[in-house]
Amino acid sequence: MGYFSGKVVWITGASSGIGEALAIELAKRGASLILSARREAQLEAVRGRCERAREHLVLPLDLTETESLAPATAKVLDHFGRIDVLVNNGGISQRGTVVDTDIAVDRRIMEVNYMGTVALTKAVLPSMLERRSGHVVVVSSLMGKIGTPMRSAYAASKHALQGFFDCLRAEVHDKGVRVSIVCPGYVRTDITKNALTADGSTYDQMGHAQDKAMTSDVFAVKAADALARQVEEIMIGGNEVWAARLEPFFPRLYSFLVRRVRST
Ligand SMILES: NC(=O)c1ccc[n+]([C@@H]2O[C@H](COP(=O)([O-])OP(=O)(O)OC[C@H]3O[C@@H](n4cnc5c(N)ncnc54)[C@H](OP(=O)(O)O)[C@@H]3O)[C@@H](O)[C@H]2O)c1
């Protein structure tokens, strides 16, 4: 029997892209799902594309409304009795320089990517600790390891997640709870279209790198395989993964190269 068979898995950002692909893949592997994001109609459509659609629960939420996340968790526990795996995947990206970007945009990206993820994790964790069983996953980014132009708030939010979940892993390891950090490189989704520009409007264009990148379906299979092994951390992507691997060993070469990164 596979790792996800019979498990209750809560996925945020399940209305599109990586979250949608993961939902479809984990349903195939036998998981019962809670699908969350803001857009209810899209979540319903994703549920319809999952095997055993009627088993899964659509639970719309906004990660910036942190006070709603404990009541949402109570609803899930009431419905399924437990949460085996929490996949913190919801997030937004950025296209804007430091000098141009309104501080409200920095704050918004931090609120969605970092505070929302932290608040939901804190809401779910007590029930996992009580059962001495659970798996908390965060979909971070290579931008949680390195930084490239036009992504300062995004990279900051993902670096913050890296620190938070490294600490959490150390705290809960002997209490039966596992923590996995998944760092995607480029994956072909709407992440760049939905990215916030310097004034807070959406970028609304397909990213140059994302357009040529691996599909979310291929990514989902690789991520599901890694999570089934309860990896502590994994980078999944194309050649860009090497930048994050090389940076600690060749920081000046990395710094020289990153100035030349095409920023769209
Ligand atoms: N694609 C890549 O190349 C790439 C690379 C590295 C990391 N990632 C990470 O992968 C994750 C998924 O991104 P994606 O590529 O699949 O992009 P996407 O298609 O834009 O998906 C983002 C998801 O986050 C949800 N979301 C956004 N704001 C939210 C909020 N305030 N509250 C609740 N949900 C919210 C969106 O749903 P609603 O709009 O319905 O709320 C959507 O389901 C993100 O954390 C992203 O940083 C992606």
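Every read-out reported here was derived from the displayed coordinates using simple, explicitly stated rules and does not represent laboratory data. Note that the structure is a prediction, hence the values are computed from the model and not measured. Using ideal geometry, Cβ is built from the backbone for each residue, glycine included, and neighbour counts are taken over all protein chains shown.
Remarks
- Note on segment 173-264: dipole from Cβ charges, positive end direction compared against M214, S255, H173; the farthest Cα belongs to S255.
- Length gained on full extension, V98 to R229: 43.3 nm, using 0.36 nm per residue less the C-alpha separation.
- Taking every lysine pair in the chain that is 8 or more places apart or spans two chains, those with Cα atoms closer than 19 Å amount to 12.
- In this structure, H208 and T66 have a Cβ-Cβ separation that, at R0 = 30 Å, corresponds to a calculated FRET efficiency of about 0.30.
- Segment 106-258 shape via C-alpha gyration tensor axes, a/c threshold 1.5: prolate
- Mean-position separation - Cα centroids, segment 98-133 and segment 225-241, in angstrom: 21
- Within the chain, helix-based [θ] at 222 nm, where runs of 4 or more DSSP H residues each add -39,500 (n - 2.57), nearest 500: -12500 deg cm²/dmol
- Taking the longest Cα principal axis of the chain as reference, the axis of helix 216-228 is set at about 60 degrees.
- Here is the list for segment 1-46: trypsin sites (Lys or Arg not before Pro) lying in DSSP coil, each with at most 14 other C-beta atoms within 10 angstrom of its C-beta, are R39.
- The coefficient of translational diffusion for segment 135-219, derived via Stokes-Einstein from the alpha carbon Kirkwood radius under 4 °C and 1.567 mPa s, stands at 91 µm²/s.
- For the options F249, F164, F219, a Gaussian network treatment of the chain with springs between C-alpha atoms closer than 10 Å singles out F249 as fluctuating the most.
- Rounded tilt (10° steps) of 17-28 against the dominant C-alpha axis of the chain: 30
- Comparing D174, D106, D211 in a Gaussian network model of the chain, where Cα atoms under 10 Å apart are tied by springs, the biggest mean-square fluctuation is seen for D174.
- For the chain, the normalised intensity computed at q = 0.16 Å⁻¹ comes to -1.25 (log10 of I(q)/I(0), Debye sum over alpha carbons, equal scatterers, no solvent).
- Maximal additional length on extending the S5-L129 stretch stands at 42.5 nm, based on 0.36 nm per residue less the C-alpha distance.
- Principal-axis tilt of helix 69-80 within the chain, Cα atoms, nearest 10 degrees: 40
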